[in-house]
Amino acid sequence: MTSPKVVAITGGAGQIGYSILPRIAAGEVFGPDTPVILKLLEIPVALEALEGVGMELEDCAFPLLKEIVCTDDPEVAFKDCDLIYLIGSKPRGPGMERNDLIRENGPIFTGQGAAIDKVAKKTVKTLVVGNPCNTNCLIAMNHAPSIPDENFSAMTQLDHNRAIAQLAVRAGTHFNEVKNPIIWGNHSNTQFPDWTHASIQGEPAAAKIGDEAWFKEVFIPTVQERGKAIIQARGKSSALSAANAAIDHAHYLFNGTPEGTWTSMAVKSDGSYGVPEGLICSFPVTCKGDGSWEIVQGLEFSEFGREKFDISIQELEKEREAVKDLL
Ligand code: NAX
């Protein structure tokens, strides 16, 4: 047994919290030999519900779970953390525009970024799930100047997994046989789900499926709008699949991406692929397993793909502009 890893989850009493917590406690991020301490953060009105989640976690008697802390104080939650999931935020209300949501949730991430800066380990990895996750990540990162920017990322793993699933179903094969789709841009419906570098059973996906119109007219909008389709079907937003993706994202950071494959993560742009420096943008990345990531270089776009990606980059720039006073 190695020493315990300290993991904080904000929004611990929410839907995604409920799905992700048992999986972290069961060792799915750090492996079967690493105990975990879970620190759950909520707003004061949700503390009672959070205590209930804590009781249920206790009742699982997970062999790896060393301690559960429930709190409404970010500095208690983030103290000495190795991994922080920023999940908690307000959902979009009726009639709210995307920019209203950005303004509503932005201040949560200034305060939480500052608390991370003050009390977390300097090596902590922070993964932002709460929407709009790219821009919330940018805000948190800017408020934690003592932590390397590379330690912040936002989640597009769910979109990546949705792309894998759509390609597998269309090709009539198993999810395992699909490698290397890419989500470029924002975690929003402007994202560009790119199939042109993906493979299915070792063959290029484009050739295997052989129907360009399907990629452009079905695959792209299905992946972009999958969240909405889940809400329509279930009456609630994706939680099980979002939690699963958040496990995958952290698993890749701490265990590496398999040889010959990449995943998609929204990380700070270094100017790669013409994305303005500093934007938190989804790219194909590889991970070594030490918490670091690298943007895959040298991939080509078709004119169609470049146009799609540019639309998403423009949206990210507008979001950054909308929160410039919070950066
Ligand atoms: P829920 O509304 O079920 O839970 C959110 C929880 O966060 C609530 O319990 C609330 O009390 C808590 N919270 C609010 N403000 C907080 C604060 N300042 N500190 C701590 N906790 C706080 O939402 P859920 O379905 O769990 O979704 C959480 C977030 O994930 C939302 O912003 C949602 O839009 C986002 N998503 C992001 C996805 C992605 O791929 N990046 C996909 C799934 C999901 O839609």
Starting from region 150-177, keep only residues that are within 13 Å of Asp248 (Cβ to Cβ) and assigned by TED's automatic domain parsing to the domain that holds His251, then list their pairs with residues that are at pLDDT below 95 and within 11 Å of the ligand (Cβ to nearest atom) whose Cβ atoms are within a distance under 6 Å, requiring at least 6 positions of separation or different chains. none
Taking region 126-161 as the search range and keeping residues that are over 19 Å from Leu326 (Cβ atoms) and aliphatic (A, V, I, L, M), which one is farthest from the ligand (Cβ to nearest atom)? Leu127
If you take the residues of region 167-194 that are assigned to a helix (DSSP H, G or I), touching a helix residue (DSSP H, G or I) at 6+ places or on another chain (Cβ under 7 Å) and among the aliphatic types (A, V, I, L, M), which of them is surrounded by the most Cβ atoms within 10 Å (Cβ to Cβ)? Leu167
Quick check on this structure: which one of Thr222, Thr196 is within 30 Å of Pro132 (Cα to Cα), in contact with a Ser or Thr (Cβ under 7 Å, 6 or more places away or on another chain), among the β-branched types (Val, Ile, Thr) and modelled with pLDDT of 95 or more? Thr196
Tell me, yes or no, whether region 115-123 has at least one residue that is out of contact with any strand residue (DSSP E or B) (no Cβ under 6 Å at 6 or more places or on another chain), touching a residue at least 40 places away in the same chain (Cβ under 8 Å), among the hydroxyl-bearing types (Ser, Thr, Tyr) and within 14 Å of the ligand (Cβ to nearest atom). no
Just a yes or no: is a residue in region 45-67 assigned to a loop (DSSP other than H, G, I, E, B), assigned by TED's automatic domain parsing to the domain that holds Thr126, touching a helix residue (DSSP H, G or I) at 6+ places or on another chain (Cβ under 6 Å) and more than 15 Å from the ligand (Cβ to nearest atom)? yes
Could you please let me know if His197 is touching an Asp or Glu at 6+ places or on another chain (Cβ under 9 Å), in contact (Cβ under 8 Å) with a residue 12 or more places away in the chain and surrounded by fewer than 24 Cβ atoms within 10 Å (Cβ to Cβ)? yes
Is it the case that region 87-103 has a residue that's within 14 Å of the ligand (Cβ to nearest atom), at pLDDT 95 or above and either buried (at least 18 other Cβ atoms within 10 Å of the Cβ) or of a type in the set (S, T, N, Q) (or both)? yes
Every residue from region 86-115 that is closer than 30 Å to Asp290 by Cβ and within 18 Å of the chain's Cα centre (by Cα): Leu86, Ile87, Gly88, Ser89, Ile108, Phe109, Gln112, Gly113
Please go through (1) farther than 17 Å from Lys125 by Cα; (2) touching a strand residue (DSSP E or B) at 6+ places or on another chain (Cβ under 8 Å) for Thr286 and return the number of the only condition it doesn't satisfy. (1)
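The values are calculated or read from the model by the stated rules, or taken from the named source; none is laboratory data. A quick note: this is a predicted structure, and the numbers were derived from the prediction, not measured. Here the Cβ is made from the backbone with ideal geometry for all residues, glycine too, and neighbour counts use every protein chain on show.
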